[in-house]
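Written below as C-alpha cells is the structure these notes are about.
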Amino acid sequence: MRHTLTHSPQFYVTAPQPCPYLHGRAERKLFTALHPGNAQELNNALSRQGFRRSQNVLYRPSCESCVACMSARIRVKDFEPGRTQRRVARRNADLSRLATSAWATEEQFDLFRRYLDQRHADGGMADMDIFEFAAMVEETAVRTRVIEYRGSGILGTDTTGADAGDSVLSDPDLAAVCLTDILDDGLSLVYSFFDPRLSHRSLGTHVILDHVELARETGLPYVYLGYWVPGSRKMDYKARFGALEIYKGGVWQDIGNPADHCDEAHPLAVDPIVEQVARIDLP
C-alpha cells in the first residue's frame, strides 16, 4: 500500500510477517526509498524520528497491535562505561580500528558467514550469499563507512599471559566489522558482526564502546544503536549502556527503568498509517 504526502517521498507499508523478536506477534514496516539528491538529508531527518536504513530503504516498525520496537541511541557527552564495559575495553585494547569505504571484501564475507552460522543460523539473513552481502554493504546513497577491527598474535590458546586460555588474533586477522552511517548528529550502527571464536572478548560491546569514542573524537552527540525491544532477550544488551535514550511516543526520552516499557498497546491505540505519515517531519 502506498501513502504519499505533497512534495514528499512516497511511503509504503509491508504486509504483516512473523516478528523476529517477540514470539507469536506480527511485524509490519513503514518504509520509503532513498534516492540520490536528498538521500543524506532524508537519512538525517528520519533517523531522528526512529527510522533505520537498509541499503537504499529507510524503514520504521509500524505494527498493527504492538509498539514494542523503539529506536535507541547513546548520548555521547553523558556516557560513562560501567565496570563490565571497562573490562571489555581493556580486553580489546590490542585491537586496531580501520575505517574504510563502503566496499565489501571476501574476508569480510567469510567473517560474516562464520558469525551467522554460529549466532543466527535460523535468522532471516542465514541464506545470504556473497552478492547479497555486497549489496548490503555497497548499496548506499548516504555517507557510509565499513569499520574493521583487527588484532595481533595467533588465533589459538595463549598460555603465557595473565588470562590463560584467551584466544588471540593473527595480525592482520579480522575480528569484527561494523557498517556505519555518518549522520549530521551521530554515528548509526547499521549492522555489525564479529568472529564467534572470540566470544570471550564481547566484541559486540566493544564495537559500541569504540563508536562512542569515535563519536566523541569527531564531535558527534549520539550513537544510534538500532531498535531496542523490551521483552526480547536478543536486545537486552542495549539497555545495559548508560545515557541511553529511546524514541517513544514521537519523542526521545531517557530509558529510565527498562521494565517500565513492557506495556502492550491495544490495537485501537496504534494510529492509522496515514496519520503516522502525516506527522513525519521531512527535510
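The values are calculated or read from the model by the stated rules, or taken from the named source; none is laboratory data. The structure presented is a predicted model; accordingly, all values stated were derived computationally and were not measured. Neighbour counts run over all protein chains shown; Cβ positions are idealised from the backbone, glycine included.
The table below lists the values:
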quantity: Breaking point among (1) surrounded by 19 or more Cβ atoms within 10 Å (Cβ to Cβ); (2) in contact with a helix residue (DSSP H, G or I) (Cβ under 8 Å, 6 or more places away or on another chain), for residue 69; calculated: (2)
quantity: Any hit, the stretch 110-125, residues being more than 18 Å from residue 194 (Cα to Cα) and at pLDDT 95 or above; calculated: no
quantity: Test: residue in the stretch 110-121 that is exposed (fewer than 13 other Cβ atoms within 10 Å of the Cβ) and part of a strand (DSSP E or B); calculated: no
quantity: One residue from 282, 209 being of a type outside the set (Val, Ile, Thr), touching a Ser or Thr at 6+ places or on another chain (Cβ under 8 Å) and either within 22 Å of residue 30 (Cα to Cα) or assigned to a helix (DSSP H, G or I) (or both); calculated: 282
quantity: The stretch 9-19: number of residues that are out of contact with any Cys (no Cβ under 9 Å at 6 or more places or on another chain) and surrounded by 15 or more Cβ atoms within 10 Å (Cβ to Cβ); calculated: 4
quantity: Cβ pairs under 9 Å, 6+ apart, first in the stretch 1-16 and within 13 Å of residue 60 (Cα to Cα) and among the polar types (S, T, N, Q), second in a loop (DSSP other than H, G, I, E, B) and modelled with pLDDT of 55 or more; calculated: 14/28; 14/62
